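Student: Next up is a structure, given as structure tokens.
The values are calculated or read from the model by the stated rules, or taken from the named source; none is laboratory data. Keep in mind the model is a prediction, meaning the values are calculated, not measured. Positions of Cβ are generated from backbone atoms using ideal geometry, with glycine treated the same way; all protein chains shown enter the neighbour counts.
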Amino acid sequence: MNKKWDISTWNRKEIFEFFSTFEEPYFGITASLDMTKAYDMAKSANHSIFLIYLYTSLRAVQNIYPLKLRIEGAEIVEYETIHASATINRPDGTFGFSFIQYDETFSNFTINARSEIDRIQNSINLFPERNGNDCIHFSALPWIDFTSLSHARKYNTKDSVPKISFGKIINQGAKKMMPCSIHVHHGLADGKDVGTFFELFQDELNNVNF
């Protein structure tokens, strides 16, 4: 069940109220991840590397409660399960926003993802029918080995959904490395939480199980 937080007794009350007054309350960090084991497994099993890093990043998020918090009006809600709203490219050069339901098993997650990708690539709609706060906004830039990243934002719209972006996988010696950027609302999460995300994400990539 989703849980509403009592802000009045929250130990982050003053921190939350402070950063909530900012025109830009988000902060972002980019780190490089070792994709070697996940990439090799994807190739040997003929799986999409995009779906593998989308799935494993979501598995990490499920275990970090600050990344599951959302600001909704005057309330803070912790969602029990977080799904993926990923940008999906179309053959004609446009794109659509998806809503891919999370599942603990990679096989079921892949079924959900491929169904949503097929829907987008055979439609012209930008937004999915389901489009809630119980997600992460994902994007992939497989053409760019970026070292930092910013997002288009509507500052007059209150937003608290984390944003995660993946970059180009490159060879570094015997390893395959990929940049990953995460932006979070500072009233809800801190640098330590982002550090935990990268740590858990890397662990999931090293131990992905099909």
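Student: Out of all the residues in the stretch 91-105, is one or more closer than 22 Å to ALA42 by Cβ, assigned to a helix (DSSP H, G or I) and within 19 Å of the chain's Cα centre (by Cα)?
Tutor: No; the residues of the stretch 91-105 include none that is closer than 22 Å to ALA42 by Cβ, assigned to a helix (DSSP H, G or I) and within 19 Å of the chain's Cα centre (by Cα).
Student: Look through the stretch 18-38, keep the residues that are under 21 Å from the mean Cα position of the chain (by Cα) and hydrophobic (A, V, I, L, M, F, W, C), and return whichever of them is farthest from LEU188 (Cα to Cα).
Tutor: Looking at the filtered set, the residue picked out is ALA38.
Student: With the condition kept exactly as written, say whether any residue in the stretch 106-120 is assigned to a helix (DSSP H, G or I) and among the basic types (Lys, Arg).
Tutor: Scanning the stretch 106-120, I find at least one residue that is assigned to a helix (DSSP H, G or I) and among the basic types (Lys, Arg), so the answer is yes.
Student: Let me ask you something else. Can we say ILE76 is out of contact with any Ser or Thr (no Cβ under 8 Å at 6 or more places or on another chain), of a type outside the set (Phe, Trp, Tyr) and assigned to a strand (DSSP E or B)?
Tutor: Judged against the criteria, ILE76 is a match.
Student: Restricting to the stretch 137-185, what's the tally of residues that are β-branched (Val, Ile, Thr), touching a strand residue (DSSP E or B) at 6+ places or on another chain (Cβ under 9 Å) and over 19 Å from LEU33 (Cα atoms)?
Tutor: 1
Student: Pairs, please: C-beta under 6 Å, at least 6 apart or cross-chain, first residue farther than 16 Å from PHE22 by Cα and without any contact (Cβ under 8 Å) to a residue 12 or more places away in the chain and in the stretch 150-169, second in a strand (DSSP E or B) and among the β-branched types (Val, Ile, Thr)?
Tutor: Qualifying pairs under 6 Å: none.
Student: If you don't mind, there's one more thing I want to ask. From the list LYS4, LYS68, which residue is among the basic types (Lys, Arg), under 22 Å from LEU188 (Cα atoms) and surrounded by fewer than 16 Cβ atoms within 10 Å (Cβ to Cβ)? Lay out the reasoning, then the answer.
Tutor: Values: LYS68 fails: surrounded by fewer than 16 Cβ atoms within 10 Å (Cβ to Cβ).
Only one candidate passes the filter, namely LYS4.
Student: Residues of the stretch 39-61 being buried (at least 16 other Cβ atoms within 10 Å of the Cβ), polar (S, T, N, Q) and over 13 Å from the mean Cα position of the chain (by Cα), which ones? Give the steps one after another, and end with the answer.
Tutor: First pass over the stretch 39-61, keeping only residues buried (at least 16 other Cβ atoms within 10 Å of the Cβ): 39, 41-42, 47, 49-61.
Next, from what is left, pick out any that are polar (S, T, N, Q): 56-57.
Residues satisfying the conditions do not exist here.
Student: Looking at the stretch 119-141 only, could you name the residues that are touching a Gly at 6+ places or on another chain (Cβ under 7 Å) and exposed (fewer than 14 other Cβ atoms within 10 Å of the Cβ)? Step through it out loud before you land on a result.
Tutor: Going through the stretch 119-141, the residues touching a Gly at 6+ places or on another chain (Cβ under 7 Å) turn out to be 120, 123, 125-126, 141.
If the condition is that a residue be touching a Gly at 6+ places or on another chain (Cβ under 7 Å) and exposed (fewer than 14 other Cβ atoms within 10 Å of the Cβ), then SER123, ASN125, LEU126 are the ones that fit.
Student: While we're here: Taking the conditions exactly as written (over 17 Å from HIS137 (Cα atoms) and at pLDDT below 95), does ASN171 satisfy them or not? Quick ask: steps written out before the conclusion?
Tutor: Details: over 17 Å from HIS137 (Cα atoms): yes; at pLDDT below 95: no.
No: the conditions fail for ASN171.
Student: Taking the stretch 162-181, which residues are surrounded by 13 or more Cβ atoms within 10 Å (Cβ to Cβ) and touching a Ser or Thr at 6+ places or on another chain (Cβ under 8 Å)? I'd like the intermediate steps shown before the answer.
Tutor: Here is the first cut: in the stretch 162-181, the residues surrounded by 13 or more Cβ atoms within 10 Å (Cβ to Cβ) are 162-170, 175-181.
Across the stretch 162-181, the qualifying residues are LYS163, ILE164, SER165, PHE166, GLY167, LYS175, LYS176, MET177, MET178, PRO179, CYS180, SER181.
Student: Right, ASP193: surrounded by 14 or more Cβ atoms within 10 Å (Cβ to Cβ) and modelled with pLDDT under 95 or not?
Tutor: So ASP193 fails the test.
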